[in-house]
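The structure under discussion appears below in the form of structure tokens.
The values are calculated or read from the model by the stated rules, or taken from the named source; none is laboratory data. Keep in mind it's a predicted model, so treat the numbers as computed, not measured. Because the Cβ atoms are built from the backbone with ideal geometry, glycine has one as well, and the counts that use them run over all protein chains shown.
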Amino acid sequence: MSGKAQVALITGTSSGFGRLIAETLARKKFHAFATMRNTKTRNAASARELEQLARREALNLQVLELDVTQDASVEQAVAEILAQTGRIDVLLNNAGSGIMDLSETVTLAQAQRQLDVNFFGVQRMNRAVLPAMKRQGSGLLLHVSSGAGRLAIPGMGMYCASKFAMEALAETYRYELASQGIDSVILEPGAYATPIADKLEAGEDAGRRAGYGEMAQVPERILQMIRSSRANPQEIADKVLQIIETPAGQRKLRYRVGPGGPGVERINTLTDEVQAQLLEAFGISAAAKFKVPDTRGERD
């Protein structure tokens with residue numbers, strides 16, 4: 001890149017992981033585009049704080065309006081970034097929403113909204129940036145998932161379903177894009193007490209909780225456990241930076257960071273072995289450039 005700053009597009013930067021990631025990358029001399037929806041209304045204060053930070057610390061950090069559920073919004077933001085910089089090196093798919101309730105209480109319309117952010121929003125973003133990345137012959141799609149993208153958690157069924165789907169998509173991109181010089185990576189945070197815990201929705205059909213007995217209390221118990229976490233969310237931003245700085249082709253598919261969800265690393269290791277067998281059976285290991293990573297002695 002001839003010494004030019006890497007260009008990073010981060011979604012969902014109004015608070016939580018997204019905001020920390022945007023600030024961290026900007027301070028490491030990236031040209032960071034912090035995107036969020038409703039920059040003039042509900043998230044106006046967040047947008048203004050990031051803009052003030054950029055001026056105060058002389059950071060190459062810009063705030064852009066972007067709603068991952070709207071095709072036109074995504075296309076406009078990506079076009080603006082490319083017009084300014086000519087490239088996008090990193091897409092950080094961080095925008096997300098959550099429902100914390102019994103699955104039966106979640107209406108179909110509510111479930112569709114959840115998937116539109118956590119799954120279809122990722123596909124919108126990936127499709128928007130990939131033409132530029134393919135022209136460059138390089139790039140990184142970095143997907144923020146969760147331990148809930150590997151484990152089925154009562155009271156979080158719809159959220160788990162959206163993250164399971166997103167992980168499957170991200171992993172498929174991993175194999176399909178390897179020959180293009182583009183990495184697709186999944187980051188699986190544990191339990192962190194970020195502002196998203198206060199934004200989790202309840203099921204819209206509360207009457208469906210009737211008859212569940214003790215199970216009806218489980219969603220609130222899990223939410224309280226998340227809120228009580230003492231883990232530092234800056235760990236996620238630091239891991240993002242580490243992943244980006246890892247040379248292309250040497251990054252792992254999945255990174256698990258933080259507390260909660262015991263056994264996720266074991267699932268990931270076993271999945272790597274099974275995927276290797278699957279790709280070999282179809283005769284596409286070479287095309288996917290797939291190698292089972294050596295995870296002995298690793299500690300995320």
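Observations on the structure shown:
- ALA197 being without any contact (Cβ under 8 Å) to a residue 24 or more places away in the chain and closer than 25 Å to GLU265 by Cβ: no
- Selected residue (criterion: modelled with the highest pLDDT) from residues of the stretch 235-281 that are over 24 Å from ALA5 (Cα atoms) and in a loop (DSSP other than H, G, I, E, B): LEU253
- Near pairs, Cβ below 6 angstrom, 6+ apart or cross-chain, from the stretch 4-28 (in contact (Cβ under 8 Å) with a residue 12 or more places away in the chain) to any residue that is among the hydroxyl-bearing types (Ser, Thr, Tyr): VAL7/THR85; THR11/THR35; SER14/SER46; GLY16/THR194; ARG19/THR13; ALA22/THR13
- Just so you know, in the stretch 150-205 the residues that are among the small types (Gly, Ala, Ser) and more than 25 Å from GLN110 (Cα to Cα) include one that is surrounded by the fewest Cβ atoms within 10 Å (Cβ to Cβ), and it is SER179.
- Those helices (runs of 4 or more DSSP H) of the stretch 1-105 in which 3 or more residues are under 19 Å from the mean Cα position of the chain (by Cα) occupy 16-27, 71-85.
- Near pairs, Cβ below 7 angstrom, 6+ apart or cross-chain, from the stretch 92-105 (farther than 25 Å from ASN43 by Cβ and at pLDDT 95 or above) to any residue that is among the small types (Gly, Ala, Ser) and not in a loop (DSSP other than H, G, I, E, B): LEU102/ALA216; SER103/GLY157; THR105/ALA206
- Note on the stretch 233-256: residues that are surrounded by fewer than 18 Cβ atoms within 10 Å (Cβ to Cβ), within 18 Å of ILE21 (Cβ to Cβ) and in contact with a helix residue (DSSP H, G or I) (Cβ under 9 Å, 6 or more places away or on another chain) total 3.
- If the condition is being without any contact (Cβ under 8 Å) to a residue 60 or more places away in the chain and either touching a Pro at 6+ places or on another chain (Cβ under 8 Å) or surrounded by fewer than 23 Cβ atoms within 10 Å (Cβ to Cβ) (or both), then the stretch 134-144 contributes LYS134, ARG135, GLN136, GLY137.
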